[in-house]
Amino acid sequence: MNDEEMKKAIEHYRLLVEKELKQEKTIGGKRLGPRKLIEKTNIDLMDITRPKRPFLGTDATDDLDTIYVTTFRIGSSKNPVSLSKSGYGTDIVAGIELGTNLVKNSLIKSVEDIAPFLAKYKIGILDIFKEEEIENGKKLDLRVYECIECAGLPNIGEPICYFETGMIIGILQELTGKKVSAEEIRCWTSGYSFCQFNVEMKEQGNE
Ligand SMILES: [Zn+2]
């Protein structure tokens, strides 16, 4: 995916995000997107085999994109769902380790490298939508489109991209030396067609 294609994808999804945010509901304190809520607590095996990735899938035939996305998702099922979900669970910790190592091994050398890296390995299309100064640091509004973890999954009422949340923390922490926290607030699995992360980066030692 070249710069031009990435720009086009981001433009496309920003419009979609705007539309979906207008249709957002809050139920029991949880944000829910417009896609129909399915009454189940976990993703089924058959759900993971139907990714929707019109932009990241263009270099591959439709089938090939589906195949490697499904392979990635089957790999994730090595973790029991109960552990992945629990607080600062295994998926977040694994993501932090991977993110840290990507920087330590110079696969990612700067913030500008993150989006091309994620696109190259088809993890997702990163949109650094907003950056603002806060006390002792910065707050970021990050969006990921066509996420390898969740694109095309049903709305089960909550986000599931813990591994990607961890990767964001690990990469930014290692690049900046700041204390980073991240939370996924919108996801395919909470009814949207994108993932959105609230990220905070603060100077170390300022609690
Ligand atoms: Zn997600």
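The values are calculated or read from the model by the stated rules, or taken from the named source; none is laboratory data. Every value quoted in this text rests on a predicted model; they were computed, and no experiment measured them. Neighbour counts are summed over all protein chains in view; Cβ atoms, including those assigned to glycine, are modelled from backbone coordinates with ideal geometry.
Here are a few things to note about the model shown:
- Failed item, numbered, when residue 142 is tested on (1) of a type in the set (A, V, I, L, M, F, W, C); (2) within 13 Å of the ligand (Cβ to nearest atom); (3) surrounded by fewer than 18 Cβ atoms within 10 Å (Cβ to Cβ): (3)
- When residue 182 is tested against (1) surrounded by fewer than 19 Cβ atoms within 10 Å (Cβ to Cβ); (2) among the aliphatic types (A, V, I, L, M); (3) within 14 Å of the chain's Cα centre (by Cα), exactly one condition is not met: (1).
- Among residues that are of a type outside the set (Ser, Thr, Tyr), in contact (Cβ under 8 Å) with a residue 40 or more places away in the chain, within 22 Å of residue 30 (Cα to Cα) and not in a strand (DSSP E or B), residue 152 is included.
- Selection from the stretch 110-139 of residues that are exposed (fewer than 12 other Cβ atoms within 10 Å of the Cβ) and of a type outside the set (Ser, Thr, Tyr): 112, 120, 130, 132, 133, 134, 135
- Screening the candidates 131, 112 for the property of being in contact with a strand residue (DSSP E or B) (Cβ under 8 Å, 6 or more places away or on another chain) and not small (Gly, Ala, Ser) yields one hit, 131.
- Taken together, the residues in the stretch 1-50 that are modelled with pLDDT under 95 and of a type in the set (Gly, Ala, Ser) amount to 2.
- Selection within the stretch 185-199: residues that are surrounded by 17 or more Cβ atoms within 10 Å (Cβ to Cβ) and assigned to a strand (DSSP E or B). The member of this set that is nearest to the ligand (Cβ to nearest atom) is 195.
- Every condition in (1) more than 17 Å from the chain's Cα centre (by Cα); (2) modelled with pLDDT under 85 is met by residue 84 except one, and the failing one is (1).
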